[in-house]
Every structure is written in structure tokens, then in C-alpha cells.
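The structure under discussion appears below in the form of C-alpha cells.
Just so it is clear, none of the values below were taken in a lab; they were calculated from the coordinates. This is a predicted model, so every value here is computed, not measured. Glycine gets a Cβ as well: all are built from the backbone with ideal geometry, and neighbour counts include every protein chain shown.
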């Protein structure tokens, strides 16, 4: 099957071959750094998202999504502009949002042809459904009927995942570590998970997504960041399996085509604390590439995923565009803007 | 012909001005290596390893005072024989070398017959017991490791030497980790009885310069100047300095080694 990326690559190669001698010769030929493994290798454009900080400031860049028209939405906890809307060339098309000091999770959902954003705010202890231009559609407060949230400040949501029926899963990754399931109108249906070391419990249930790669049996993938693992649950909340990624503090899972992408906030086994990277798993949950880090080609039992070069500081999310380029948003990384990785 | 030339010129101009700025290898630094040694002593059997060294990288080890330089491939080990400080970094051109880390090897100390942590310890930070203070191993930068033991209130350690000998000095392995409220500053009171039964009491101030960078291991040397077989050391951790967010609260003092010379 020819993908859009294959087509573009072939077109680009054809076009380049016609003009290559003059264009490439005249521009010099310093080889860019290429990171990653196997089929998943990337060049890096560090300044892709860089802006004038006096106009569009960022604090932590938490998450990014791409809408149907190709625009990229970045969520930051800077309350001058919680949302920055980028075009693919890295220019700002729009900016909005001034009321989310704890902006953390950003999820895009196509609701019968109309795209909506879900934003979690762990400082306001709330989850918000928004239009793409910033209109509030629904607010979900702490479920105070649940014992753990009698004090609503215990609710510190980090991520949402929206099922095909519109029901909402909220990961309380900085709070009581529960996963809360709501109907599309915000009525609580189920609570599972919680803090602990057992298989069905979490230490930092940071990110969540619907894994619909098997169309007839979708499941939930939920990261347990402090446990360096991702856990698979049924949509009803039954733990199915744990995929361990030793050393890799994974933030949220992002399904794109048959792959699952993770930003890794930091890693064990290196001397610098800002030791993040990107990790990519295939449909069989096998790691196929770790841009900026080690790769276990020999399937060693004691393997530790860890950063090898300081391309990234603290990656917090990875957004995959239609051409399978990556955009990496980073936490606590000196107010830096997203980095683009161009797949080669 | 002119039009073709102009067309080609435009192509050339567009190609150059819109060139994408990709990151080059020489703009990227290697990650900082973590090294392990079999002991903190330069006793001739000390092996240095770097368990997570990038397979394509080389470890460079330079002895500070002599300038002697050794290199080691990933997966290999090095024998370190000289006391003193070593500067260590990883190399993999054209990437930038990693940050340099420092390793210090010490001469072996006098034989300690027993060392006992007398005060009720904090169980969470006493996983390795008082034995960690004489195991000849330097711990990594994580205070949660079993090789560290610490407290944020006064504690007493008693030491019995194998022989009565002149004790010149003591070296303590300490941890600095401002983020975890660990600050190597404490008052230390030594109490002993001399050969002739006379009491000995001395007070010292242990202190490293305040630093806000990530966790790091250090050695503090204390001149004792006594002759005794048994002595006790009472440590009183200092308060966190005013530039710390917990200013005025007791700091934690973490130790991983106690060596007597």
C-alpha cells in the first residue's frame, strides 16, 4: 500500500534529482544529525516552533495534537496563551486561553465531524471540553461522591481519552491515581485504578489513550510513569497486561497508524537529570526505535532504556503528523518551544 | 537562454534561502556517563566500569594531578591504581563530549573493628545498616539507594579501631542534593578517652559550599589529631540556608563512608 508519506518521499526524490547538482552544491552539504533506529529515523529542526516570547510566551509545553486541517495545537501552562495554534511551517495562526494555570492534558476528538479539545487542569482540579477556537462546551469537576475526592483538591487530572461512543476516560495522574469513566454528558460511570504497586494500580497514571488498532476490541493504554510501564485495560477497567519499559519514564501513549509513540520525560542510567527521549512501539508492543536513546536490538533481560545524547531535555508529549514527522513538546526545559523531527 | 538562466537562478535562490536548519552532530552533547568502581580505594584492584555507556562511545579517564590519560571502549573496564581525582567524560565525535564528571579515589584507611549507629535510625534511610559506612564503596547520587544512610536530627556513631594508634584525620563520604533538602553541613562533636584515661572532646564544623545543582557525591576531610581506640561522633545537621525554599528547617545529612587515617 502506498502511504501519503511514501508518495511524498518519491515525489521529493524525483523533484530533487532534477535540480540536485546546483541546489545542493550551492547550499553546502553538512550532514545533519539523524536519530532513531530501523525505519524510524529523524532529522531534527530545533527551532521549528520558536517564537518571540514577548508575543507568544510558553512555560511548560505539555501536549500537542494535529487537527484535520493540519494545524497543530500546543497546550502550555502559560496563562497569556494556554493554546498556541501552529501551521505546519511553524508559524502561529492563533492563540487563546488565559484561565488554565495547571493546563496539562490535551486530547482531540472528532465529534460527528466537529473537532473538540479536552483540556485537563490539575491546579483547577477540572476537565474542560472546548471548541477549537476556545469556547467552553462542558466542565467536569472532581467527583466528590467518590471517597478519594471528598476533598476536590485531590483531583489532579493529567489526561483524557475519548472512546468512539463519546464516553470520557480521565486519568488522575497527579492525584489519587484513579481512572474515571464518564458518559458523553459528564455523568460518572465507573472508577478503577488507584495508587499502588499491584498490576491494576498506578504510580503516576500520567497518560491515557484508546488503543483502537484492533478495531473490534479497543482497549485503554495507560502509562504508569514512575513504574516505567504502560498498562493495558479493557474499556470496563479490567487490567489486561503490563508492558515494562525499564528506565523510561513515559508520559502518554499516542497511537498513530500501527505504532504507539511515547515521549519519555527522563531516564535512568545517565548522569544528567534532563535525560528524556522518544520511544516508538509497533503493533506487537515491541520497541522499534528510541530517538535520542539506547535501543535494545538484542532483547537483553537487564536492558535499561536511557538517553545517549542531549537532543531533548524533558519531553512531555509527542505529536505525529500525517507525514509521520514528530513534534516534541517539553516540560521544564527553559521555556523552549516544540522541536520538530522530520522522518527520513 | 537568458530566461532559462533566470529560472535556474530563482530556483537556486529559493533553495538556499528556504534551507531548513537541521541540527548538526557537533551541536549535540553526549549524555553524562555514570561510572562505577569496585571500591573507593586506590588499592590496586579497583575496576572502573560504565554500565550504560553508549556502544559507540569511548570513556576518557584523566588523572588530575599526573595528567595520565586512559580510554575505555563501551562494555570494557579499567584498572585504576592512583589515588586522587579523575576527570571522566564520554567521547563520540563528531558529537560534543559529555559533561565531565569527577571521581576521587582514596588511600586505604586504618582498620576499623566496629562501627555502630547508636541513635534510632530512620528505617527508610538505613536499609544497608551502619555497615555501609565501612564497605569501601561510593554510592551513586540517589539518596534512596541502600548505600546511603542519613538523618535530619542529631545522631551518634561510635567507632572502635582494631588497634590503638595515632588518628590523624577522618574522611566522610557525603551527599549534596538541594532538591531533596540534603545539605552536607553539620556540627560534629568527637568524644574519646585517651590512653591515660583523660577525656577528649573536640568540635568540628563540616561544610561544603552550598550548591543548587543536581545531587552529587563529595568527600569531606576532618583533621582529628587524637590517639584512641574507641571514640564517638555526634552529628548535628545544620538548618537549611536562607536561599533554600525550606530555609530554617533541619537539613538532612547523608553519609556513605567513614574512613580513618
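At a Förster distance of 51 Å, what's the computed FRET efficiency of residue A:47 paired with residue B:249, Cβ-Cβ distance as r, to 0.05? Could the numbers behind the result be given before it?
Working: r = 42 Å, r/R0 = 0.83.
My answer for the efficiency is 0.75.
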* Please report the Cα spread of the range A:31-343 along all three principal axes, rounded to whole Å, starting with the longest. => 57, 48, 37
* Asked: If you line up the Cα atoms of the protein assembly as shown on their principal axes, what length do they span on each, largest first, in Å?
  -> 101, 72, 46
* Ordering of A:41-54, A:119-132 by burial proxy (mean other Cβ atoms within 10 Å per residue, highest first) -> A:119-132, A:41-54
* To do: Would you mind giving the mean number of other chain beta-carbons within 10 Å of the Cβ of each residue in B:26-37, as a whole number?
  => 5
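Grab the beta carbon distance between residue A:164 and residue A:123, set R0 = 25 Å, and tell me the FRET efficiency rounded to 0.05.
Values: r = 31 Å, r/R0 = 1.22.
Efficiency at R0 = 25 Å is approximately 0.25.
How long is the gain from residue A:115 to residue A:135 if the chain were fully straight, where each residue apart is worth 0.36 nm and the alpha carbon distance is subtracted? Don't jump to the answer; show the numbers that get you there.
Values: separation 20, 0.36 × 20 = 7.20 nm, distance 1.22 nm.
Length difference between fully extended and current span is 6.0 nm.
Across the residues of A:306-317, average count of Cβ atoms on other protein chains within 10 Å?
Values: counts 4, 5, 12, 11, 9, 5, 0, 0, 0, 0, 0, 0.
The shielding value for this peptide is 4.
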* **Inter-label distance for residue A:89 and residue A:212, nm, one decimal - labels placed 7 Å from Cα along Cα-to-Cβ** => 3.3
* Asked: Based on the Cα gyration tensor of chain B, what are the three equivalent ellipsoid semi-axes, each the root of five times an eigenvalue, rounded to whole Å and given largest first?
  -> 50, 23, 14
* Asked: Over what distance in Å are the Cα centres of the range A:62-115 and the range A:220-277 separated?
  -> 23
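How would the range A:95-168 be classified by its alpha-carbon gyration tensor: rounded, prolate or oblate, with rounded meaning a/c under 1.5 and the a/b versus b/c comparison settling the rest? Show your work: numbers first, answer last.
Values: a/c = 2.45, a/b = 1.41, b/c = 1.73.
Oblate.
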* Return one number: the angle in degrees, 0 to 90 and rounded to the nearest 10, between the long axis of the Cα atoms of helix B:2-17 and the longest principal axis of the Cα atoms of chain B. => 10
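How do A:69-79, A:173-183 rank on mean C-beta neighbours within 10 Å, highest first?
Numbers: A:69-79: 19.9, A:173-183: 22.4.
Top to bottom by mean Cβ count within 10 Å: A:173-183, A:69-79.
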* Asked: With each pseudo-label sitting 7 Å past Cα toward Cβ, what's the residue B:193-residue A:244 distance in nm, one decimal?
  -> 5.3
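Can you pull the mean other chain C-beta count within 10 Å for peptide A:36-47?
Numbers: counts 0, 0, 0, 0, 0, 0, 1, 3, 6, 4, 5, 3.
Averaged over the peptide's residues, the number is 2.
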* Distance between the range B:99-134 and the range A:133-169 - C-alpha centres, whole angstrom -> 48
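For the pair residue B:145 and residue B:226, what calculated FRET efficiency results from E = 1/(1 + (r/R0)^6), where r is the Cβ-Cβ distance and R0 = 30 Å, to the nearest 0.05?
0.40
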* Structure fact -> For the pair residue B:124 and residue B:208, the simple spin-label estimate (label points 7 Å beyond Cα toward Cβ) gives in nm 2.2
* Asked: Sorted by average packing, counted as other Cβ atoms within 10 angstrom per residue and highest first, what order do B:94-105, A:325-336 take?
  -> A:325-336, B:94-105
* To do: Taking chain A as the reference, fit the longest principal axis to its C-alpha atoms, fit the long axis of helix A:4-27 to the helix C-alpha atoms, and give the angle between the two in degrees, 0 to 90, nearest 10.
  => 40
* Structure fact -> Per the rule of 0.36 nm per residue minus the C-alpha distance, extending residue B:24 to residue B:114 adds in nm 26.8 nm
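Per the helix-only calculation at 222 nm, which mean residue ellipticity applies to the protein assembly as shown, given -39500 (n - 2.57) for every DSSP H run of n ≥ 4 and division by its residues, nearest 500 deg cm²/dmol?
Working: 2 runs with 40 residues, N = 605.
Result for the protein assembly as shown: -2500 deg cm²/dmol, rounded to the nearest 500.
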